[in-house]
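Below is one structure; the comments refer to it alone.
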Amino acid sequence: MTPGSSHEAADGHAPSAARPGGPPCVAEELPDGLVVADAEGRVVRFNAQAARVTGVPRDRAVGARLEDALPLEDLKGNRWWPLTDPYGGLATRTGQPERNLLLPGGREVLVAARYVRDVPLGPVRRVVVTLRGTEARRRTERSNAELIATVAHELRSPLTSVQGFTHTLLTKWERFTDDQKRLILETVDADAKRVTRLIAELLDISRIDAGRLEVRRQPVDIAAAVGRHVHGLTARGLPPDRFFVRVGRPLPDLWADPDKIDQILGNLLENAVRHGAGTVTIEVAPTGMPDGEKGTAVTVSDEGPGIPEESMGRVFTRFWRGSTRGGTGLGLYIVKGLVEAHGGSITVGRAPSGGARFRFTLPVGAPAYVTQGI
Ligand SMILES: Nc1ncnc2c1ncn2[C@@H]1O[C@H](COP(=O)(O)OP(=O)(O)O)[C@@H](O)[C@H]1O
Ligand SMILES: [Mg+2]
């Protein structure tokens, strides 16, 4: 009999995956590594995931002393078990919060421990340890670092240009004609606007990602909103025959956040004009939502080059840009976030002419006091 096996009996658990005749042991199904040590500090349970995370085979761990089975060290090289001393130390302690520790060979694990006492301030009866690999956390850290690098890069190029041009103006003011000065200032102005826009978009993204986007619903006439946007674009100098609007009536009610609807339409129309070509067709029509409710569908298609088949899965991701026509690559990510915050969805496809075709749907979204007819 191994020293550990008597404690297993006392503990009432077998370390194996399935107890004969009983249901499979739940500890084996835990997504985290689980290690349990008894009152004497010997390992009585070591699930399969613990073996996977630590690389220590189960039969070597079970029955061994906790500090031998898991010779953990903190990042400064201090041995973890003598340092935390679960069985000694203050009797008020209930465990250890999750920490990043190292195993021999440099393997990183996230470790948390609970000290189980029969009575408050009594002796420790069991130490229960959870172990998690660090890959998932690393992955998020890496993608955060990438995001910061991209943002820094996006901010740096317009700021470098602003700095360069203002420096040139300040040092060589006398040498430029008024027209040249105007041209330089226009460039500075455009770059400054780009930075402002980028920051506004980043703030939107942080709200979307944090789930803090507030949708203030009120009745919205989306056909009228489309008309306003088209009018705005033609007022900016685009020929009116670049736009064709078709509205399929009767449209269901739509309760939505008018500012966000404007942002969605503004982005899609701007993209169609900037990245697409030819006539931009905007269709507004009633549709059914997946849950059987009524909804509104808006389709924006153009006659430009469209989006290559292999990129269609990526157009809604942050910073994805197909062309280098001055955009930030955040527009469609934000559009998707705004549509989804309304309970709708958006897809991209190909227009009959081969151009890009974006279609989003929005549910009626009426507040409960309206649907209940009060
Ligand atoms: N109507 C369109 N036609 C062709 N390509 C498009 C269209 N709309 C978007 N795209 C592509 O999708 C990319 C991402 O769009 P978006 O997120 O709005 O970023 P941005 O407009 O700032 O580049 C664009 O860079 C462009 O390559
Ligand atoms: Mg855009």
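The values are calculated or read from the model by the stated rules, or taken from the named source; none is laboratory data. Please read these numbers as outputs of a predicted model, since none were measured by experiment. Backbone-built Cβ (ideal geometry, glycine too); neighbour counts: all protein chains shown.
Here's a check for you: in segment 305-333, which residue that is touching a Lys or Arg at 6+ places or on another chain (Cβ under 9 Å) and part of a helix (DSSP H, G or I) is surrounded by the fewest Cβ atoms within 10 Å (Cβ to Cβ)? This residue is Glu309.
Scanning segment 257-287 for residues that are within 12 Å of ligand 1 (Cβ to nearest atom), within 10 Å of Leu338 (Cβ to Cβ) and surrounded by fewer than 20 Cβ atoms within 10 Å (Cβ to Cβ) yields one hit, Gln263. The C-beta contact set for segment 346-366 (first residue without any contact (Cβ under 8 Å) to a residue 40 or more places away in the chain, second residue in a strand (DSSP E or B) and of a type in the set (Phe, Trp, Tyr), distance under 7 angstrom, 6+ apart or interchain) comprises Ile346/Phe358; Ile346/Phe360. When segment 10-65 is examined, which residues are found to be modelled with pLDDT under 90, over 23 Å from Asp85 (Cβ atoms) and among the acidic types (Asp, Glu)? Result: Glu28, Glu29.
Results for (1) within 18 Å of Leu332 (Cα to Cα); (2) assigned to a helix (DSSP H, G or I), shown as yes or no for each residue.
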residue: Pro250; (1), (2): no, no
residue: Lys260; (1), (2): yes, yes
residue: Gln263; (1), (2): yes, yes
residue: Asn267; (1), (2): yes, yes
residue: Glu270; (1), (2): yes, yes
residue: Val284; (1), (2): no, no
residue: Gly295; (1), (2): no, no
residue: Thr299; (1), (2): yes, no
residue: Glu303; (1), (2): no, no
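Looking only at residues in segment 229-243 that are under 36 Å from the mean Cα position of the chain (by Cα) and in contact (Cβ under 8 Å) with a residue 12 or more places away in the chain, the one that is nearest to Glu283 (Cα to Cα) is Phe243.
Given the condition under 30 Å from Leu170 (Cα atoms) and small (Gly, Ala, Ser), answer yes or no: does some residue in segment 225-236 qualify? Walk me through how you get there before you give the answer.
Filtering segment 225-236 for residues under 30 Å from Leu170 (Cα atoms) gives none.
Looking for residues that are under 30 Å from Leu170 (Cα atoms) and small (Gly, Ala, Ser), one finds none in segment 225-236, hence no.
Within segment 201-253, how many residues turn out to be within 26 Å of Arg318 (Cβ to Cβ) and either exposed (fewer than 13 other Cβ atoms within 10 Å of the Cβ) or touching a Pro at 6+ places or on another chain (Cβ under 6 Å) (or both)? Going through segment 201-253 one residue at a time, the tally reaches 7.
This table checks each residue for (1) at positive phi; (2) assigned by TED's automatic domain parsing to the domain that holds Lys193; (3) away from ligand 2 (no atom under 15 Å from the Cβ); (4) not aromatic (Phe, Trp, Tyr).
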{"site": "Val300", "(1), (2), (3), (4)": "no, no, no, yes"}
{"site": "Glu309", "(1), (2), (3), (4)": "no, no, yes, yes"}
{"site": "Arg314", "(1), (2), (3), (4)": "no, no, no, yes"}
{"site": "Gly322", "(1), (2), (3), (4)": "no, no, no, yes"}
{"site": "Gly337", "(1), (2), (3), (4)": "no, no, no, yes"}
{"site": "Pro352", "(1), (2), (3), (4)": "no, no, yes, yes"}
{"site": "Phe360", "(1), (2), (3), (4)": "no, no, no, no"}
{"site": "Val364", "(1), (2), (3), (4)": "no, no, yes, yes"}
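Residues in segment 354-374 that are surrounded by fewer than 17 Cβ atoms within 10 Å (Cβ to Cβ) and within 12 Å of ligand 1 (Cβ to nearest atom): 1 in all. Looking at segment 358-367, can you tell me whether even one residue there is part of a strand (DSSP E or B), of a type in the set (Ser, Thr, Tyr), within 24 Å of the chain's Cα centre (by Cα) and over 20 Å from Val230 (Cβ atoms)? Checked against the condition, which is being part of a strand (DSSP E or B), of a type in the set (Ser, Thr, Tyr), within 24 Å of the chain's Cα centre (by Cα) and over 20 Å from Val230 (Cβ atoms), segment 358-367 yields at least one hit.
Against the condition out of contact with any Cys (no Cβ under 9 Å at 6 or more places or on another chain) and either assigned by TED's automatic domain parsing to the domain that holds Arg318 or over 19 Å from Tyr333 (Cα atoms) (or both), how does Leu202 come out, does it pass? Judged against the criteria, Leu202 is not a match.
Within segment 335-345, one or more residues are more than 10 Å from ligand 1 (Cβ to nearest atom), under 24 Å from Gly227 (Cα atoms) and among the hydroxyl-bearing types (Ser, Thr, Tyr). Residues in segment 110-150 that are closer than 30 Å to Phe319 by Cα, among the hydroxyl-bearing types (Ser, Thr, Tyr) and surrounded by 13 or more Cβ atoms within 10 Å (Cβ to Cβ): Thr134, Thr150. Check segment 300-315 and report whether any residue there is within 11 Å of ligand 1 (Cβ to nearest atom), modelled with pLDDT under 95 and among the polar types (S, T, N, Q). So far as segment 300-315 goes, yes, one or more of its residues are within 11 Å of ligand 1 (Cβ to nearest atom), modelled with pLDDT under 95 and among the polar types (S, T, N, Q). Selection of first residues in segment 259-279 that are assigned by TED's automatic domain parsing to the domain that holds Leu233 and of second residues that are basic (Lys, Arg) and near ligand 1 (Cβ under 9 Å from one of its atoms), restricted to Cβ pairs under 9 Å at least 6 apart or on distinct chains, gives the following pairs, ordered by first then second residue: Arg274/Arg325; His275/Arg325.
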